[in-house]
Amino acid sequence: MSYFIDTHCHLHDREFFTENQAEAMLKTAKSRGVEQIVCIGTSHEDSLNAKDFAKLHKDIFWTYGIHPESSNNYNIKCEKSNKLIAIGEIGLDYHYSGYNRSAQIKLFEQMLQLSIDLGLPCSFHVRDALPDFFAVIKNFSNIKPSVLHSFSDSKENLEYALSHGFYIGINGLATFANLSCYKDLTSDFIDRCVLETDAPFLTPYPNRGKINEPGNIADIARWLSHKLGVSEAKVAEKTTKNARKIFHIPNPKSAESSARAELS
Ligand SMILES: [Zn+2]
């Protein structure tokens, strides 16, 4: 059995999932090998909801983030906390007209500083804004190795991101959107990516049209396995290892085995 980590989803968000739905989806996720899940905050309040949800489930972790779309109205208040594994999602999003570039950059800089103050990696949301993203981040020297979530930019920018130490979050978008950045990937890409669903969004093939859920990580893993020509077991092993390294998510198996060793 392969074990996966969903490194980016919104299962705690009651705007999208009822409590019962979320619990049922957690069961499905387990049955499909998704062992641990990261719930991503998009505002102060939403991050605290993610925190509360993580408190109820030992295999759920949370992040504190303020989405760039909230750059006109937000408050930031975050301290080190149990199961808080990253700052995110944070970044820049120039996709829809009417965005406020300077307000987004100001918020992004504050959130980057927060990640440095807390010594945490980031989950970045960047859309149609990579040049500004790279320009801003250059001014911060102590950022932990972090993930560019839902990467869909050019091949050239993918190469740039990889050569500058970023990890890439692969989700359902890759399975249906025929993105040019994922053409001609070589098998060593497996050392530089993590899996994510971004549930409820971006449902992967073959479940397009349904609400997305963490269990669908298995479908994204299958796509990546075909794409890179490596086994699904290898995809699971490597992406889980990468997620543990970046986000310091504990391995429940080794915790169990070390507890057993202490008892014997
Ligand atoms: Zn998201």
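Just one of the listed residues (20, 82, 73) is away from the ligand (no atom under 16 Å from the Cβ), part of a loop (DSSP other than H, G, I, E, B) and either touching a residue at least 60 places away in the same chain (Cβ under 8 Å) or over 21 Å from residue 246 (Cα atoms) (or both), and it is 73. In the range 32-46, of all residues being away from the ligand (no atom under 12 Å from the Cβ) and in a helix (DSSP H, G or I), the one that is farthest from residue 91 (Cα to Cα) corresponds to 45. When 165, 119, 172 are checked against the criterion of being modelled with pLDDT of 95 or more and closer than 20 Å to residue 203 by Cβ, a single residue qualifies: 172. If you go through the range 126-158 and keep only what is part of a strand (DSSP E or B) and under 20 Å from residue 178 (Cα atoms), you end up with 126, 127, 148, 149. When residues in the range 23-57 are screened for being touching a residue at least 60 places away in the same chain (Cβ under 8 Å) and either out of contact with any helix residue (DSSP H, G or I) (no Cβ under 9 Å at 6 or more places or on another chain) or crowded, with 22+ Cβ neighbours inside 10 Å (or both), 7 of them pass.
Per-residue answers, yes or no, for (1) assigned to a loop (DSSP other than H, G, I, E, B); (2) within 15 Å of residue 37 (Cα to Cα):
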| residue | (1), (2) |
| --- | --- |
| 174 | no, no |
| 184 | yes, no |
| 189 | no, no |
| 198 | yes, yes |
| 201 | yes, no |
| 205 | yes, no |
| 209 | yes, no |
| 212 | yes, yes |
| 217 | no, yes |
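Among the residues making up the range 47-70, those that are within 16 Å of the ligand (Cβ to nearest atom) and assigned to a loop (DSSP other than H, G, I, E, B) are 65, 66, 67. With respect to (1) within 14 Å of the ligand (Cβ to nearest atom); (2) under 18 Å from residue 122 (Cα atoms); (3) surrounded by fewer than 19 Cβ atoms within 10 Å (Cβ to Cβ); (4) not hydrophobic (A, V, I, L, M, F, W, C), the lone exception for residue 15 is condition (2).
Residue 257 versus (1) at pLDDT 95 or above; (2) assigned to a helix (DSSP H, G or I): which is the lone unmet condition? Result: residue 257 fails condition (1) only.
The values are calculated or read from the model by the stated rules, or taken from the named source; none is laboratory data. Remember, it's a predicted structure, so these values are computed and weren't measured experimentally. In this analysis, Cβ positions are derived from the backbone assuming ideal geometry, glycine residues included, and neighbour counts consider all displayed protein chains.
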